[in-house]
Every structure is written in structure tokens, then in C-alpha cells.
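Taking it in order: structure first as C-alpha cells, then the write-up.
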Amino acid sequence: MELNDATVVATVARPGGTTITVPLQWTGERDGEYRGTFVSTEPGAYEVTVDATRAGGQGAGTGAAFVRAGPGEAEFFDPTMHAAPLRRIAEETGGRFYTADTSRGLAEDIRYAGRGVTSVEERELWNMPIILVALMGLVCAEWGYRRVVGLA
């Protein structure tokens, strides 16, 4: 029996024993199709009991089902490379797509990618007198030490 004017409520029993009540709304897409949402807060088996009543308080039916919630395991089922989506993502983001055959240039591409905040500033030594004086002092100190020890 497909009712569009029923009051439908789902009672969800969580694995810990607590229950929540979820009102279901008629979707309007098909006769007798109602939809509601609840968020699973812990992994395990949830028991969902649905009760439908008509306008006069007359029971229209009940049903029960179990739903298992847990972490997704989809990443372990198809661990192959999907080249088409990877190529599309690389094109859309300005990146490059590499395979085992084309990965030789990967290290060079990473080094000279020009991404991030990097600036190279070159200065001549005589434009930084403190460094020039320090280097000259080190050379003179090394020469003086060799003189004193008798190596020069």
C-alpha cells in the first residue's frame, strides 16, 4: 500500500543502547517513498524501526532493518591506477601526470617547478663588507697560525 499522506517516524537504536527518533518526509518522487537522515556516531549495527500512521491515528504498518556503520573500506578494493581522472586533475590544476615510463624527469620537474615562496638573491662579496672582512680575517688568522707553528 503506497501512502503519501502518512506520518512516518523511524526509531534508530544505536549500538550503545541509546535511541533517536528521525521523522521521515515524503519525497514527492514516488508514491509511498519517504526519506530521513541520521548520523552514525559510533561503529556497529544500528537497528532501524519504521512506524507509519494515517491521519486518524490508524496504523499503516511497521518495518525493521539493520544498518552496519563503520569506516569505509573502498580504498582497499580497487588499488589500481585510474589514469583518466589523474590526467584530468593534472590538466585542471596545472600539474603533470607521470607513469612508470615517464617518471625519469620527475626529480628535475620538482626541483624547478617554481612553486611556493622561494627567492634567490645573489650579492657580490664586496657589496657586503662585513663578510669580506670576516673572510679576509680568517685567511690572515690561518696564515698567522701556520707561521707561529712553523708550517709556513
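Structure summary
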item	result
Pro79 assigned to a loop (DSSP other than H, G, I, E, B) and free of Cβ contacts under 8 Å to residues at least 40 places away in the same chain	yes
Residue that is farthest from Gly72 (Cα to Cα), among those in segment 9-47 that are assigned to a loop (DSSP other than H, G, I, E, B) and of a type in the set (Ser, Thr, Tyr)	Thr27
Pick from segment 57-71, criterion part of a loop (DSSP other than H, G, I, E, B) and under 23 Å from Gly17 (Cα atoms), ranking: modelled with the highest pLDDT	Gly70
Breaking point among (1) at pLDDT 90 or above; (2) in contact with a Leu (Cβ under 7 Å, 6 or more places away or on another chain), for Tyr34	(1)
Answer from Asp51, Asp5, Asp31 - the residue that is acidic (Asp, Glu) and in contact with a Gly (Cβ under 8 Å, 6 or more places away or on another chain)	Asp51
Extreme residue, modelled with the highest pLDDT, among residues of segment 72-119 that are surrounded by fewer than 10 Cβ atoms within 10 Å (Cβ to Cβ) and among the aromatic types (Phe, Trp, Tyr)	Phe77
Positions within segment 60-88 being more than 28 Å from Tyr98 (Cβ to Cβ) and among the charged types (D, E, K, R), in sequence order	Arg68
Single match in Ala13, Ala60 (criterion: surrounded by 11 or more Cβ atoms within 10 Å (Cβ to Cβ), hydrophobic (A, V, I, L, M, F, W, C) and out of contact with any Asp or Glu (no Cβ under 6 Å at 6 or more places or on another chain))	Ala60
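The values are calculated or read from the model by the stated rules, or taken from the named source; none is laboratory data. In this text the structure is predicted, and so the values were computed from the model without any measurement. For neighbour counting, all protein chains shown are included, and Cβ atoms are generated from backbone atoms with ideal geometry for every residue, glycine included.
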